[in-house]
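First up is the structure itself, then whatever we jot down about it.
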Amino acid sequence: MTRKLFGTDGVRGTANAFPMTAEMALMIGAAAGRYFRRERAGVHRVVIGKDTRLSGYMFENALTAGLTSTGMSVLLLGPVPTPAVGLLTPAMRADLGIMISASHNPADDNGIKFFGPDGFKLSDEVEAEIEALVEAGVQPAQAHNIGRAKRIDDGRFRYMERVKSTLPHGMRLDGMKVVVDCANGAAYRTAPEVLWELGADVIPVGTSPNGLNINANCGSTKPQAAAEAVVAHGADVGICLDGDADRIILIDETGTIADGDQIMALMAARWAEEQRLHEGTLVATVMSNLGLERFLEARGLRLQRTKVGDRYVVEAMRAHGWNLGGEQSGHIVMTDYATTGDGLMAGLQFLCEMVRTGQPASDLARNFAPVPQLLKNVRFGADKAPLEAASVQGAIAEAEAALTGKGRLLIRKSGTEPLIRVMAECEDEALLAQVVDGIVAEVQAAV
């Protein structure tokens, strides 16, 4: 079956355009409700969280209508980080968890992410079955079996306590000045409050959501404002989250930005020293820098790569019992603590290392010299298939030949946006620019 709704991380698109319409959300809710109700008898619950997008109200109500029409009772958390939904779904004995968010995308976009009763994201196979139910339609419950909806006021606080519990008992952040950029998103209250409760002097950025400013010139995809705040306030470190707070970018005391690869390098090395890193393996995607792989190999550790998407990282971790993984973009997954990427939790692990070692952020966030990497995106129309063009395929073949023994090339279609991503790594920066620009030019000509 060809997937029309689900991408690499649930359903996502521009609000009020297919597939992100209220009507479709209602149908998706009904289909998901029917799928999970058929698994067992008894009371059925679904936990729903959201970020701060204006369209979140619309999708929250539409999903609630669809779910309750099939007999699911809905527990509404309001604005919470995505990892909170992963945590609270099993904690509240729910059959399903849903996060309404388009993560790092602009405010006009929105999305629907699903978590199973174990708190982990659904597999491709389950999503395909839900999509089939959407197409076929579902029979609603009888009138006396319609579900109920209830607001849960303390979900955010339950999540905050769980995040704090990942630090060593009694550890405090007294005397540490921390800039935290919440991207005007789901963690706009959670992250500053957690850091303050742990004793940090908190400088908040991006904590005034209005429904339209999520990720706007702030957050993990645009950390410049936070970097400026770190330098201006003489802060020890900056933590940049995205709109749903499942990813992190760090900023050291000099204003230098560190991505997920550097954070994973630090954590993998530290966990290996403590004999906590299962089978000496870190899981990351094909996007992670070759420098990370070399850093791990020099320490007798292994990098296991997956296709892009934190859910695929988690699937590999669960299949083999590995406990640390993530993405260069800032998803850091620690299955000892959480079921999905958690930006705030990863940030606390970094602060823990600062406290434990007494070293500045600049020392801890520069673990390896990245191999020069160039990534460019090309937007394309829904009716186009640029990667199928003979001219594009020819350019890719030429680039692969040029990079043989010198670097690597990765061309892929985004699973969350209508973009072709062209990425290459090579020590020869002139050759790097040449091959990427050549492919981009051909893709642009094909769209």
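The values are calculated or read from the model by the stated rules, or taken from the named source; none is laboratory data. This is a predicted model, so every value here is computed, not measured. No Cβ is skipped: glycine too gets one built from the backbone with ideal geometry, and neighbour counts run over all protein chains shown. Please note that ligands, DNA and RNA were not included when accessible areas were found on the heavy atoms of the full protein model with its side chains. Shrake-Rupley method; radii C 1.70, N 1.55, O 1.52, S 1.80 Å.
Averaged over residues, the count of other Cβ atoms within 10 Å places the peptides 16-23, 363-370 in the sequence 363-370, 16-23, highest first. Computed from the Cα positions only, the extents of the chain along the three principal axes stand at 67, 61, 42 Å, in decreasing order. Taking Lys and Arg as +1 and Asp and Glu as -1, the other residues whose beta-carbon sits under 13 Å from that of Asn367 total -2. The amide H of Asp181, built 1.01 Å from its N in the peptide plane, has Val205, Ile239, Cys240, Leu241 as neighbours under 5 Å, considering only residues 5 or more places off or on other chains. DSSP assigns beta bridges within the chain; of those with both partners inside it, close to 55 percent run antiparallel. Applying 1/(1 + (r/R0)^6) with r as the Cβ-Cβ distance of Ala433 and His144 and R0 = 45 angstrom yields a FRET efficiency of 0.10.
Our coupling estimate for the stretch 132-143, obtained by passing each phi through the Karplus curve with A = 6.51, B = -1.76, C = 1.60 and θ = phi - 60°, is 5, 5, 4, 5, 7, x, 10, 7, x, 6, 5, 3 Hz, Gly and Pro reported as x. What is the sum of charges, Lys and Arg at +1 and Asp and Glu at -1, for the other residues whose Cβ falls under 14 Å from the Cβ of Ala433? Result for the local shell: -3.
Distance between the modelled labels on Asp383 and Arg356, one decimal in nanometres: 5.7 nm (7 Å Cα→Cβ projection).
Among the protein heavy atoms of the chain, carbon and sulfur supply 50% of the accessible surface, probe 1.4 Å, non-protein parts ignored.
Here the stretch 241-268 is scanned for amide nitrogen atoms under 11 Å from the site 7 Å beyond the Cα of Arg412 along Cα-to-Cβ, giving none. Near Ala149, the amide H atoms lying under 5 Å from its own belong to Val74; only residues 5 or more places off or on other chains count, and H is placed 1.01 Å from N.
The calculated FRET efficiency for Asp153 paired with Asp118, based on their beta-carbon distance and R0 = 25 Å, is about 0.50. With θ taken as phi - 60° and the Karplus curve 6.51 cos²θ - 1.76 cosθ + 1.60 applied, the whole-hertz 3J(HN,Hα) list for the stretch 274-283 is 8, 6, 9, 7, 4, 6, x, 10, 10, 9 Hz, x standing for glycine and proline. Ordering 131-140, 186-195, 75-84 by mean Cβ neighbour count within 10 Å, with the highest value first, yields 75-84, 186-195, 131-140. A cut-off of 5 Å between modelled amide H atoms, ignoring neighbours fewer than 5 places along the same chain, links Asp109 with Ala15. Lysine pair count for the chain with Cα-Cα distance under 19 Å and sequence separation of 8 or more or different chains is 17. Ordering of 427-434, 395-402 by packing is 395-402, 427-434, highest average first (other Cβ atoms within 10 Å, averaged per residue). The label point for Arg3 and the one for Ala232, both projected 7 Å from the Cα toward the Cβ, are 4.1 nm apart. For Met176, the shell of other residues with beta-carbons less than 10 Å away shows a net charge of -1, using +1 for Lys and Arg and -1 for Asp and Glu. Between Ala17 and His169, the contour length at 0.36 nm per residue exceeds the alpha carbon distance by 49.9 nm.
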